[in-house]
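Below: one structure, written as C-alpha cells.
The values are calculated or read from the model by the stated rules, or taken from the named source; none is laboratory data. The structure displayed is predicted, hence computed values, not measured ones. Note that we place each Cβ from the backbone using ideal geometry, even for glycine, and neighbour counts take in every protein chain shown. Side chains are part of the model used for accessible areas, which takes the heavy atoms of the whole protein and leaves out ligands, DNA and RNA. Shrake-Rupley method; radii C 1.70, N 1.55, O 1.52, S 1.80 Å.
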Amino acid sequence: MEFAYALLVLILAVFIAAFILLVVGTIYFDFSNSEIPLGVDQPVKLRIVHSILIGTAVLGKILEKLGLCSQLGFTRYMRRGKKLGEDPKLFMKDLQFGKVPVRIYQPRVPSAGRRRGVLYFHGGGWMFGSINAYETVCRYIARESESVVMSVEYRLAPEHTYPAQYEDCLTATTRFMKTAEDYGVDPARIIISGDSAGGNLAAAVCQTLVSRPDLPKVHAQILIYPCLQAIDFDLPSYQQNCGVPILFRERMAFYVLQYLKGDASFLEDVLEGSHMPVDVKLKFRKWLSADNILKEFKVRGYKPRVPIECSNEVYEALKKFCEPAFSPLLAEDAVVRQLPESFILTCEYDVLRDDALLYKKRLEDSGVPVTWYHIDNGFHGIISLFDNGRLSFPAGKKGLDNIVNFLRSL
C-alpha cells in the first residue's frame with residue numbers, strides 16, 4: 001500500500017514538474033520568438049492570448065507524445081468553442097446543406113420586407129475554426145444589422161485539402177441563394193463574407209459566381225484580413241510583421257501548404273521565395289507587387305528580395321497556388337470587374353495586410369466600389385476577440401461595428 005502511494009506521489013510530482021516546465025517554456029518561447037509592436041491595441045492582452053495559444057499547442061504535443069490524443073485534435077478541441085444558449089433577439093437553427101453543416105441566425109424582430117442575407121465563412125488557416133467558435137461574431141452581426149446570417153462549417157485540412165473547403169462554401173452559398181426566401185431573405189440582397197482563410201474562400205466564391213447566370217447576383221462581399229495569394233511571402237507586411245502574434249509569417253506559409261496538399265513539405269522553398277519560377281512571378285507582377293502598395297505602408301521597413309529560381313519538382317507540387325480559386329488576387333481582369341460592391345478590413349500589424357491592399361487596388365482600378373476600414377492598431381484575428389471577456393479588444397469591436405454599418409447601408 002505504501003509503495004502504491006509513493007508511486008502515485010511520484011507520478012503527480014512528474015506531472016507538476018512537466019506543467020511548470022511547460023509554463024516556463026511557453027513564456028520563454030513567446031518572448032524570444034514574437035514581437036509585440038508598441039502601437040498595437042492592448043499589448044499585454046495580446047501577449048496573454050498568444051501565450052495561451054502557444055501553451056495549448058505545447059500541451060497538445062505532450063498529450064500526443066503520451067499517446068492520449070493528437071496535437072491537432074487537442075488544439076481543435078480547445079479552439080472549437082461551444083454553442084451558446086438561447087438568444088432573446090434571434091432564432092437559430094442548425095441545418096445540413098448537402099453534406100455541409102450550417103447554422104442560420106434570424107432576427108426575431110418583425111421586418112416590413114425580406115431581409116439581407118449574410119453568408120459567413122470562418123477563419124482558422126483552413127485547419128481550425130468552427131460554427132461554434134464564431135458564434136459570438138455571427139450573433140452580433142445578425143442582431144446589430146438585422147440580417148439573416150448563415151455560418152458555414154466547411155471541411156478542414158489536412159484531412160481534406162484544396163479545393164474541398166472552397167467547394168463546401170460554394171455548395172452552401174448556391175443552396176442558400178436558391179432557397180433564400182425560405183429564410184425571409186431577399187435573393188437580390190445576399191452578401192458573402194469571411195475572415196482570414198474564410199476571407200480567401202469568400203473572395204473565391206464571389207469570383208466563381210460572376211459566371212453563374214442561373215443564380216441571383218451577389219449583392220456585396222466583405223473580406224476581413226483575407227489571405228488572397230500564396231506566391232509572395234515577402235511583401236512589406238510580411239517583412240514588417242513576421243513575428244507579430246497571432247499569425248507569424250512562417251505559420252501562414254505552413255497553413256497554405258496544409259490547405260493545398262495536407263503537409264508542410266516545401267516550407268523552406270515557400271519562405272525563401274523559390275517555390276515559383278521567375279517567369280510566373282513576372283506574369284503576375286502587374287497585380288502582385290510591392291510597387292502597388294502606398295509608401296505609407298513601407299515606412300516600418302521593406303527590402304525587396306531578389307527573385308530565386310525554383311526546381312520543376314517544387315513548381316509541379318505547388319503550381320495550384322496560381323489558380324484563382326486558391327489565390328483570388330490572381331483572377332483575370334474580366335472577372336474582377338464583375339465583382340460586387342466590397343468592404344475590406346485590414347490591420348496594420350498583420351502579415352496579410354498587403355494581400356488585402358493589393359486586392360483593394362485591383363477592385364478600384366476595375367471600377368468596383370470599395371469601402372475600406374483599416375485598424376491602425378490592429379493585429380490578425382482581432383475581430384473574433386471583440387467580446388472575449390477580460391481579453392477583449394476595443395479595436396476589434398470598432399472594426400466589427402464598421403462591418404455592421406456597411407451592411408446597414410446596403
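Scanning region 228-277 for residues that are among the aromatic types (Phe, Trp, Tyr) and within 23 Å of SER193 (Cα to Cα) turns up TYR255, TYR259. In region 49-76, the residue that is surrounded by the most Cβ atoms within 10 Å (Cβ to Cβ) out of those that are of a type in the set (A, V, I, L, M, F, W, C), at pLDDT 90 or above and assigned to a loop (DSSP other than H, G, I, E, B) is CYS69. Within region 270-285, being open to solvent by 40 Å² or more (accessible area, probe 1.4 Å) and either part of a helix (DSSP H, G or I) or touching a residue at least 12 places away in the same chain (Cβ under 8 Å) (or both) holds for GLU272, ASP279, LYS281, LEU282, LYS283. Looking at region 29-43, is at least one residue part of a helix (DSSP H, G or I), at pLDDT 90 or above and open to solvent by less than 90 Å² (accessible area, probe 1.4 Å)? Yes - at least one qualifying residue is present in region 29-43. The C-beta contact set for region 367-394 (first residue over 22 Å from HIS219 (Cα atoms), second residue β-branched (Val, Ile, Thr) and open to solvent by 60 Å² or more (accessible area, probe 1.4 Å), distance under 7 angstrom, 6+ apart or interchain) comprises LEU391/ILE48.
Of all the residues in region 79-110, those that are in contact with an Asp or Glu (Cβ under 7 Å, 6 or more places away or on another chain) and at pLDDT below 95 number 4. Looking only at region 77-110, which residues are of a type outside the set (S, T, N, Q), under 23 Å from GLN165 (Cβ atoms), open to solvent by 50 Å² or more (accessible area, probe 1.4 Å) and within 23 Å of the chain's Cα centre (by Cα)? Those that are of a type outside the set (S, T, N, Q), under 23 Å from GLN165 (Cβ atoms), open to solvent by 50 Å² or more (accessible area, probe 1.4 Å) and within 23 Å of the chain's Cα centre (by Cα): TYR77, MET78, ARG79, ARG80, LYS82, LYS83, ASP94, LYS99. Exactly one residue among ASP195, ASP186, ASP182 is within 30 Å of VAL109 (Cβ to Cβ) and without any contact (Cβ under 8 Å) to a residue 24 or more places away in the chain, and that residue is ASP182.
Residues of region 111-124 that are over 16 Å from HIS219 (Cβ atoms) and open to solvent by 10 Å² or more (accessible area, probe 1.4 Å): SER111, ALA112, GLY124. The set of residues in region 156-200 that are among the charged types (D, E, K, R) and open to solvent by 10 Å² or more (accessible area, probe 1.4 Å) comprises GLU159, GLU167, ASP168, ARG175, LYS178, GLU181, ASP182, ASP186, ARG189. Within region 287-321, the set of residues being closer than 18 Å to TYR349 by Cβ and among the aromatic types (Phe, Trp, Tyr) comprises PHE297, TYR302.
Restricting ASP263, ASP333 to those that are loosely packed, with under 14 Cβ neighbours inside 10 Å and within 21 Å of the chain's Cα centre (by Cα) reduces the list to ASP263. Just to be sure before I move on: is ASN405 modelled with pLDDT under 95, in contact with a helix residue (DSSP H, G or I) (Cβ under 9 Å, 6 or more places away or on another chain) and either open to solvent by less than 50 Å² (accessible area, probe 1.4 Å) or under 25 Å from CYS138 (Cβ atoms) (or both) in the structure I sent? No: the conditions fail for ASN405. Counted as qualifying within region 141-233 are the strands (runs of 3 or more DSSP E) with 2 or more residues that are closer than 30 Å to LEU282 by Cα, namely 185-195, 220-224.
The set of residues in region 74-89 that are over 18 Å from ILE52 (Cβ atoms) and not acidic (Asp, Glu) comprises LYS83, LEU84, GLY85, PRO88, LYS89.
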